[in-house]
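Encoded as structure tokens, the structure appears first; notes follow it.
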Amino acid sequence: MTENLQAAVSAGVMSAEAEHRALLQSIVEVARSIFSAKASSIFLHDEEADELVFEAVAGEGSDNLVGMRFPSSKGIAGWTLVTRQPLVIEDLKQDPRFSREQAESTGYVPEAMMSVPLLHDERALGVLQVLDRSLEVEFSLSQMELLGLFANQAAIALDLLQRARHARAVLAESGSDAGVIARVASAIEDLDEEQREPVLRLLAALDDVLRADVSF
């Protein structure tokens, strides 16, 4: 793989990752604004480490929480991830699932919370939380549906972010193999629509074969 080609592929992967992170940040910013909340955050579940990682934060903690980790089974976020159930808690002090110690470690202890799992293709990718929404806005079913819409978009963005990071890891490890893939992708982009169609059918058939081999 030539240095120029590798640099081009790397730049594309890094650009995609940055775009997905920006989308996650915009989701928490809008969610915080819509619910007039003190903070909103998105956690990614790191399956290898079995930890939840702050990926995007708006409001309280936005300056220092991104990248912070804690066990995936701990606190309200952990409960939401494991059970895949949304929660609306008006008084966290009265809820045994709330980990005050964990909250204190972030520098902000909320009094109320909305927490929803981020599900994509039957996988629990993470958790979206809205902390201390305005009490002037009475909670309703429509608000829960709205939060669900935010969760759907966040789950898609998390999935894309994971794919971009996986591509970066493959690129770092594959060397010349990654160059072959990049050249094929580039060649397909240069084809006109009539030429591209049979090539894409061939690649789809190859993908089916590879998936079948993996299943066995």
### Query
Given the conditions (1) open to solvent by less than 30 Å² (accessible area, probe 1.4 Å); (2) modelled with pLDDT under 90; (3) within 14 Å of the chain's Cα centre (by Cα), and given that Val13 satisfies all but one, which numbered condition is not satisfied?
(3)
### Message
Checking the conditions here, which among Ala22, Ala18, Ala49 is surrounded by fewer than 16 Cβ atoms within 10 Å (Cβ to Cβ) and in a loop (DSSP other than H, G, I, E, B)?
### Response
Ala49
### Task
Among what's in segment 32-46 and is of a type outside the set (S, T, N, Q) and more than 15 Å from the chain's Cα centre (by Cα), pick the residue that is surrounded by the fewest Cβ atoms within 10 Å (Cβ to Cβ).
Ile34
### Message
As an exercise: evaluate Leu135 against (1) open to solvent by less than 50 Å² (accessible area, probe 1.4 Å); (2) part of a loop (DSSP other than H, G, I, E, B) and give the number of the one condition it does not meet.
### Response
(1)
### Message
Just to check your reading of the model, which residue among Ala155, Ala124 is farther than 20 Å from Val30 by Cα, within 13 Å of the chain's Cα centre (by Cα) and surrounded by 17 or more Cβ atoms within 10 Å (Cβ to Cβ)?
### Response
Ala124
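Looking at segment 54-71 only, could you name the residues that are in a strand (DSSP E or B), open to solvent by less than 70 Å² (accessible area, probe 1.4 Å) and not small (Gly, Ala, Ser)?
Within segment 54-71, the subset in a strand (DSSP E or B) is 54-59, 69-71.
Filter again for open to solvent by less than 70 Å² (accessible area, probe 1.4 Å), leaving 54-59, 70-71.
Matches in segment 54-71: Phe54, Glu55, Val57, Phe70, Pro71.
Taking Leu81, is it part of a loop (DSSP other than H, G, I, E, B) and open to solvent by less than 70 Å² (accessible area, probe 1.4 Å)?
Working: part of a loop (DSSP other than H, G, I, E, B): no; open to solvent by less than 70 Å² (accessible area, probe 1.4 Å): yes.
It is false that Leu81 is part of a loop (DSSP other than H, G, I, E, B) and open to solvent by less than 70 Å² (accessible area, probe 1.4 Å).
The values are calculated or read from the model by the stated rules, or taken from the named source; none is laboratory data. Owing to the predicted nature of the structure, the values given are computational and were not obtained by experimental measurement. Positions of Cβ are backbone-derived with ideal geometry, glycine not excepted, and every protein chain shown enters the neighbour counts. The accessibility values were calculated without ligands, DNA or RNA, using every heavy atom of the protein model including side chains. Shrake-Rupley method; radii C 1.70, N 1.55, O 1.52, S 1.80 Å.
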